[in-house]
Each structure stands twice: as structure tokens, then as C-alpha cells.
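A.B. asks: Could you have a look at this structure, given as C-alpha cells, before my questions?
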Amino acid sequence: MREQATVAFVSGSARQYTTKQMGDACEMLVAAELTLAGVPALKVPDNWPGYDVIAQPLDRSAQRISVKSRTFKRGAAYVGYNDYDEFDWLAIVLLPGEELCDRTIYVIPRLVAEGLARRDKPTSKTAAERYYRVDQVPEIFAGWKSNFGLKHRA
């Protein structure tokens, strides 16, 4: 017997996929966009530690990419990772919702992402978390939108 997908409601419309399916789709989307931009890439197996996509630029060694996806929403909604996760690039996929009409992908070098991240006090239980408010991602990472060539630029 096949398990039925959970239906979530986003901005008043029913979404016919689970959070896991959304995450998998966004990982495959990032791998496809990289490949089509001339950087061959593929999604690694689920639960691979630290990253979700591996890409092979022609001019350097393989690059590890952590993919995070969220539906766009104003206010207290966050996207983030842990400082001990091992990856070279952070890809943030924002799906349409509220005021964002188009799917948008930002591909940011780890050092840049780390420098712009919010973090809690070193003594807190969440000290390892690095995060960004979803509605601030387009402004913070404007220079990294659609960076499928994995360029180190701002």
C-alpha cells in the first residue's frame, strides 16, 4: 500500500508534496542548474553528512554544496545550517509564497555565508546554528543569485 503525501497549506493553496519531497526536488534542481551552466553535478544519497550535491568545475577540485529550501514568507521564518556541517557552497532555494512570485536560487561560498550569518551566543544550546531570515535572503545574497558557475564574486 502506497503512503499518501501530506497536504500542506501555503498562502491559501494546497501543496501536494511533503517537506522531504520539496527538499529532494530542490537538491535535484540545484544539481540540474549547475550541470546546465557547465558545472557537472549530482545529488548525493539521502542523509549524506554535511552536503547534498557534489559538483565538478573544470578549473578546480570537486565542490560540496549544502542545499536549503524554504517557501518565501515574511517575518520569523529562517533558513540555516550548523557550523560543523562540511560543505564549500550554500545553495538557498526560495519557493514562491506571499510576495515572492518566482523561484529563486542563491549559491554562496561558505566563507561569505558564514560571515553574513546570524548566530546565537557561544554559551547557548544553539551556538552552532548559522541562520538567515527568509525574507532577508534576497537582499543579503543579491550578488549570488543564480550563481551556477560557482563564481567567487560579490
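The values are calculated or read from the model by the stated rules, or taken from the named source; none is laboratory data. Owing to the predicted nature of the structure, the values given are computational and were not obtained by experimental measurement. Neighbour counts are summed over all protein chains in view; Cβ atoms, including those assigned to glycine, are modelled from backbone coordinates with ideal geometry.
A.B. asks: Within the stretch 106-154, track down each residue that is more than 15 Å from residue 81 (Cβ to Cβ) and of a type in the set (Asp, Glu).
C.D. replies: The answer is 135, 139.
A.B. asks: So, one more: If you check every pair at least six apart or on different chains, which have Cβ atoms under 6 Å apart with a residue in the stretch 26-50 that is touching a residue at least 12 places away in the same chain (Cβ under 8 Å) first and a residue that is surrounded by fewer than 18 Cβ atoms within 10 Å (Cβ to Cβ) second?
C.D. replies: Hits for this filter: 31/42; 37/149; 39/57; 40/56; 41/35; 43/28; 50/85; 50/86.
A.B. asks: From the list 102, 59, which one is closer than 16 Å to residue 29 by Cβ and over 15 Å from the mean Cα position of the chain (by Cα)? Talk me through it step by step, then tell me what you get.
C.D. replies: Values: 59 fails: closer than 16 Å to residue 29 by Cβ.
Matching residue, one of 102, 59: 102.
A.B. asks: Kindly indicate whether any position in the stretch 57-67 is in contact (Cβ under 8 Å) with a residue 24 or more places away in the chain, among the polar types (S, T, N, Q) and surrounded by fewer than 18 Cβ atoms within 10 Å (Cβ to Cβ).
C.D. replies: Going residue by residue through the stretch 57-67, those that are in contact (Cβ under 8 Å) with a residue 24 or more places away in the chain are 57, 63-67.
Of the ones still in play, those that are also among the polar types (S, T, N, Q) are 63, 66.
Narrowing further to those that are surrounded by fewer than 18 Cβ atoms within 10 Å (Cβ to Cβ): none.
Taking every residue of the stretch 57-67 in turn, none turns out to be in contact (Cβ under 8 Å) with a residue 24 or more places away in the chain, among the polar types (S, T, N, Q) and surrounded by fewer than 18 Cβ atoms within 10 Å (Cβ to Cβ).
A.B. asks: In addition: Counting only residues that are touching a Leu at 6+ places or on another chain (Cβ under 8 Å) and either more than 23 Å from residue 18 (Cβ to Cβ) or polar (S, T, N, Q) (or both), which one in the stretch 68-85 is surrounded by the most Cβ atoms within 10 Å (Cβ to Cβ)?
C.D. replies: Restricting to residues being touching a Leu at 6+ places or on another chain (Cβ under 8 Å) and either more than 23 Å from residue 18 (Cβ to Cβ) or polar (S, T, N, Q) (or both), the top hit is 69.
A.B. asks: Take the residues in the stretch 97-110 that are in contact with a Lys or Arg (Cβ under 8 Å, 6 or more places away or on another chain) and either charged (D, E, K, R) or under 16 Å from residue 19 (Cβ atoms) (or both), then tell me which one is modelled with the lowest pLDDT.
C.D. replies: Within the stretch 97-110, the first condition is being in contact with a Lys or Arg (Cβ under 8 Å, 6 or more places away or on another chain), and the residues that meet it are 97-99, 104-106.
If we keep only those that are either charged (D, E, K, R) or under 16 Å from residue 19 (Cβ atoms) (or both) too, we end up with 97-99.
Values: 97: 83, 98: 73, 99: 79.
Selected residue: 98.
A.B. asks: Taking the stretch 15-68 on its own, how many of its residues are part of a strand (DSSP E or B) and modelled with pLDDT of 95 or more?
C.D. replies: Step one: filter the stretch 15-68 for residues part of a strand (DSSP E or B), giving 15, 41-43, 53-55, 63-68.
In the following step, the residues that additionally are modelled with pLDDT of 95 or more were identified as 41-43, 53-55, 63-68.
Looking only at that region, the number is 12.
A.B. asks: Oh, and also: Among the numbered conditions (1) surrounded by 20 or more Cβ atoms within 10 Å (Cβ to Cβ); (2) at pLDDT 95 or above, tell me where residue 149 comes up short.
C.D. replies: Single failed check for residue 149: (1).
A.B. asks: Still on this structure: Any residue in the stretch 134-145 that is without any contact (Cβ under 8 Å) to a residue 40 or more places away in the chain sitting within a Cβ distance under 6 Å of a residue that is of a type in the set (Phe, Trp, Tyr)? List the pairs, counting only those 6 or more apart or interchain.
C.D. replies: Hits for this filter: 144/106.
A.B. asks: Ok, one more. Quick one: how many residues across the stretch 96-136 are surrounded by fewer than 18 Cβ atoms within 10 Å (Cβ to Cβ) and hydrophobic (A, V, I, L, M, F, W, C)?
C.D. replies: Residues flagged as surrounded by fewer than 18 Cβ atoms within 10 Å (Cβ to Cβ) and hydrophobic (A, V, I, L, M, F, W, C) within the stretch 96-136 amount to 6.
A.B. asks: I'm trying to understand the selection: among the residues of the stretch 80-106, which are of a type in the set (A, V, I, L, M, F, W, C) and touching a Phe, Trp or Tyr at 6+ places or on another chain (Cβ under 6 Å)? First the steps, then the outcome.
C.D. replies: Of the stretch 80-106, the ones of a type in the set (A, V, I, L, M, F, W, C) are 87, 89-95, 100-101, 105.
Within the stretch 80-106, 87, 92, 94, 100 meet the criteria.
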